Amino acid sequence: MVLLACATARRVPIRPVARDDRGVSFLPFASSRVERFSDQEGQPCPAFEGRVRNNLLGWESGDPDDPACTHDTLHEGIRAGVLEMRWRSELPQDGSYDLVTLGYSVGAWGRVISRGSYYGDYYARASVVIEASSPSCAARWSSDLALAQVTGLQDRMAAFSGWLEIPDIGIAGCKAHEPIEVKLRLVGDVNRGKVDVDWFGFSALEDDEVNRIFGIRPRPDAPAARGLTAQ
């Protein structure tokens, strides 16, 4: 009881208040991609256009009772569904870098539902994945949002909601003037069931913020090794 009384909740920053962007090269937003997610009319879920809507850069439902996008194995099969945003730029010099957001956290709300059957083990999982890659270096970070597993004739649901703070992600062994691409994905991985996404993206007030979410900062003291992987 004493420990619980003394414990304080960790605050996750949603968007920057003040940040030190010295030495940071920001990556402009390039495009988005949707695979095997549908809207409530059964049509492919629309891609993100790179503009702020309702203080959000990303996907949001227009109806509080319906998800913005759904990946359901009844319609899309068992290949994973993906909501993806991409940023691209050029590496300014040889060496190692940190991929940084300097205060932007990614938000995700929704639920996963695993539909059981008489035989077999079934699951529905949602996760956030960030990949940075160029021809000479790469790095990856991921975090699970929710997992529902079931064996037998029943359904199981797990909800996800809130903000994920993105850590600095080390990328080593990069070459100057090569292109670098950063992909942010919400992945719905299901073998029988569905993933509903109500809200996924970044809090923002202006359209141009989409071009200042991800940046790369040189790491002069990092070893010249292949790309680091964070999990």
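The values are calculated or read from the model by the stated rules, or taken from the named source; none is laboratory data. Note that the structure is predicted; figures quoted are calculated from it, not measured. Neighbour counts run over all protein chains shown; Cβ positions are idealised from the backbone, glycine included. In case anyone asks, the SASA skips ligands and DNA or RNA and just uses the protein heavy atoms, side chains included. Shrake-Rupley method; radii C 1.70, N 1.55, O 1.52, S 1.80 Å.
Of note:
- Residue within the stretch 186-193 that is over 28 Å from Asp72 (Cα atoms) and either open to solvent by less than 20 Å² (accessible area, probe 1.4 Å) or modelled with pLDDT under 95 (or both) present: no
- Filter result (of a type outside the set (A, V, I, L, M, F, W, C) and buried (at least 20 other Cβ atoms within 10 Å of the Cβ)) within the stretch 84-97: Ser96, Tyr97
- Filtered by the rule that a residue be buried (at least 19 other Cβ atoms within 10 Å of the Cβ) and within 19 Å of Pro28 (Cβ to Cβ), the stretch 99-119 gives Leu99, Val100, Thr101, Leu102, Tyr104, Val106.
- Filter result for Asp208 (surrounded by 17 or more Cβ atoms within 10 Å (Cβ to Cβ) and not in a loop (DSSP other than H, G, I, E, B)): no
- The strands (runs of 3 or more DSSP E) falling completely within the stretch 82-198 that include 2 or more residues that are of a type in the set (Phe, Trp, Tyr) and farther than 26 Å from Arg51 by Cα map to 121-133.
- Selection status of Asp20, over 18 Å from the mean Cα position of the chain (by Cα) and either over 30 Å from Ala176 (Cα atoms) or without any contact (Cβ under 8 Å) to a residue 12 or more places away in the chain (or both): no
- Number of the condition not met by Asp94 [criteria: (1) in contact with an Asp or Glu (Cβ under 9 Å, 6 or more places away or on another chain); (2) farther than 16 Å from Arg212 by Cβ]: (1)
- Of all residues making up the stretch 31-49, the number that are crowded, with 16+ Cβ neighbours inside 10 Å and touching a residue at least 40 places away in the same chain (Cβ under 8 Å): 6
- Single residue of the stretch 42-81 satisfying the filter (among the hydrophobic types (A, V, I, L, M, F, W, C) and assigned to a loop (DSSP other than H, G, I, E, B)) that is farthest from Asp207 (Cα to Cα): Ile78
- Single unsatisfied condition, Leu56 versus (1) open to solvent by 50 Å² or more (accessible area, probe 1.4 Å); (2) more than 26 Å from His177 (Cβ to Cβ); (3) touching a residue at least 60 places away in the same chain (Cβ under 8 Å); (4) under 18 Å from the mean Cα position of the chain (by Cα): (1)
- Within the stretch 130-156, the set of residues being in contact with a Lys or Arg (Cβ under 6 Å, 6 or more places away or on another chain) and crowded, with 16+ Cβ neighbours inside 10 Å comprises Glu131, Ser136, Leu147, Ala148, Val150.
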